[in-house]
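Working notes for the structure below.
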Amino acid sequence: MNKTKEQGGGQRFALAFALTLAILAVEAIGGLMANSLALLSDAGHVVTDVFALGLGWFAVRQAARPANASKTWGYQRAGIIAAFVNALTLLAITVVIIVEAIARLRHPEAVQPLVMIVSALFGIGVNLLIARFLKGAHAHAHVGHEHGDHPHTHDEVDLNTRAALLHVLGDVGASVGVIIGAILIALTRAVVIDALISCAIALIVGVGALRIGRDAMNVLLESVPKGIATDQIKRDLRGIQGVYEVHDLHVWGITDTQRALTCHAVIDDMPINASAPLLDRINRVLHDRYGIAHTTVQFERHTRGPQGAPCACSADCDCTGVEMSQARASR
């Protein structure tokens with residue numbers, strides 16, 4: 001993502017932040033006037049929206065900072081950390097809403113359906129506008145390193161923005177629930193519906209928070225990205241003519257949309273400059289099939305052992321008088 005897109009993303013986060021403050025004011029006042037737990041719980045969720053969008057805005061600005069001698073990957077994982085913190089706040093607010101809803105189920109209180117509906121409709125309209133801004137900020141074509149005429153394109157929304165969108169869209173769902181509850185209360189006079197709607201909202205938001213938190217933790221633990229099987233990568237690389245074996249293979253995510261790989265590949269004995277076309281074929285496979293744009297491949301010499309049997313020499317090889325040829329290349 002270039003600097004202009006990063007700045008545009010930051011501006012959209014800032015606008016979303018300001019609009020969310022307006023929603024908070026309307027729903028908090030409306031919740032107090034209507035005495036509605038569902039609307040107040042929605043307002044409580046909006047508080048986390050404010051925090052989430054502020055944190056997301058900060059993360060976008062941090063991710064745009066260049067790499068330096070002490071942080072060679074730059075600050076791109078600031079967005080992953082923000083997503084994880086946002087997930088924790090969502091889980092916390094889920095617990096608070098459920099506890100309060102249980103208390104309301106035991107001791108129902110009268111509510112004002114009309115005020116609930118008007119406040120919730122305002123929240124829905126503004127939140128849908130915010131969601132559109134956020135998708136415009138990061139639903140971009142992420143193009144990695146090009147290999148010939150085969151650039152690999154990702155049409156993804158990054159994890160930081162996904163976390164912020166979950167807050168916003170969760171609030172839309174909550175507002176819809178508030179409206180449904182208000183209509184049912186107006187028709188049936190069953191005020192316990194307000195508390196039941198609150199529980200449903202909390203559970204839906206909580207499940208989404210668990211998913212975001214899991215994905216963020218996987219990136220922070222440098223787990224293999226979703227959709228990638230290391231055994232399949234090894235098979236694909238061994239299928240390249242001139243590659244005999246692949247080992248010490250590691251794949252991880254720098255962020256949730258950027259992937260990196262290191263491995264050792266056993267190839268024919270050849271000068272380093274002669275191995276360049278083979279390295280290019282390896283990188284093309286990794287890039288085009290798996291979206292891995294940053295690779296470090298170490299070549300090892302394929303030779304014959306003392307008894308004439310094939311031998312893939314490496315640091316722990318017992319062969320005598322055999323030299324290991326290495327070619328390192330980072331892209």
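Out of residues 5 or more away from GLN298 or on other chains, whose amide H comes under 5 Å of its own, with H placed 1.01 Å from N in the peptide plane? Amide H neighbours of GLN298, under 5 Å, 5+ apart: CYS263, HIS264, ALA265.
Using a 1.4 Å probe on the protein heavy atoms, what percent of the accessible area of region 76-122 belongs to carbon and sulfur? Answer for region 76-122 is 75 percent, counting heavy atoms of protein chains only. Note that region 232-249 has calculated 3J(HN,Hα) couplings of 5, 4, 4, 5, 5, 6, 5, x, 7, 4, x, 9, 9, 7, 10, 8, 6, 8 Hz, one per residue in order, obtained from phi through the Karplus relation 6.51 cos²θ - 1.76 cosθ + 1.60 (θ = phi - 60°); glycine and proline are x. Can you classify region 37-138 as rounded, prolate or oblate using the Cα gyration tensor, where a ≥ b ≥ c are the square roots of its eigenvalues, rounded means a/c under 1.5, and otherwise it's prolate if a/b beats b/c and oblate if not? It comes out oblate by the Cα gyration axes. The phi-based Karplus calculation (6.51 cos²θ - 1.76 cosθ + 1.60; θ = phi - 60°) puts the 3J(HN,Hα) values of region 181-197 at x, 5, 5, 5, 5, 4, 7, 10, 6, 8, 5, 5, 4, 4, 5, 5, 4 Hz, whole numbers, x for Gly and Pro. Averaging Cα coordinates gives a centre for region 93-138 and one for region 243-286; these two points are 50 Å apart.
Summed over all non-identical Cα pairs, the Kirkwood treatment of region 203-266 gives a radius of 13.4 Å. Packing-based ranking of 66-76, 28-38 yields 28-38, 66-76, ordered from highest to lowest mean Cβ neighbour count within 10 Å. Cα gyration tensor of region 35-88, axes a ≥ b ≥ c as square roots of the eigenvalues: rounded (a/c below 1.5), prolate (a/b > b/c) or oblate? Since a/c reaches 1.5 and a/b is larger than b/c, the shape of region 35-88 is classed as prolate.
Calculated accessible area for region 152-306 comes out at 44 Å² per residue, all protein chains present (probe 1.4 Å; ligands, DNA, RNA ignored).
The values are calculated or read from the model by the stated rules, or taken from the named source; none is laboratory data. Nothing here was measured: the structure is a model prediction, and the numbers come from that model. Neighbour counts run over all protein chains shown; Cβ positions are idealised from the backbone, glycine included. Protein only, heavy atoms only, side chains kept; ligands, DNA and RNA dropped before computing areas. Shrake-Rupley method; radii C 1.70, N 1.55, O 1.52, S 1.80 Å.
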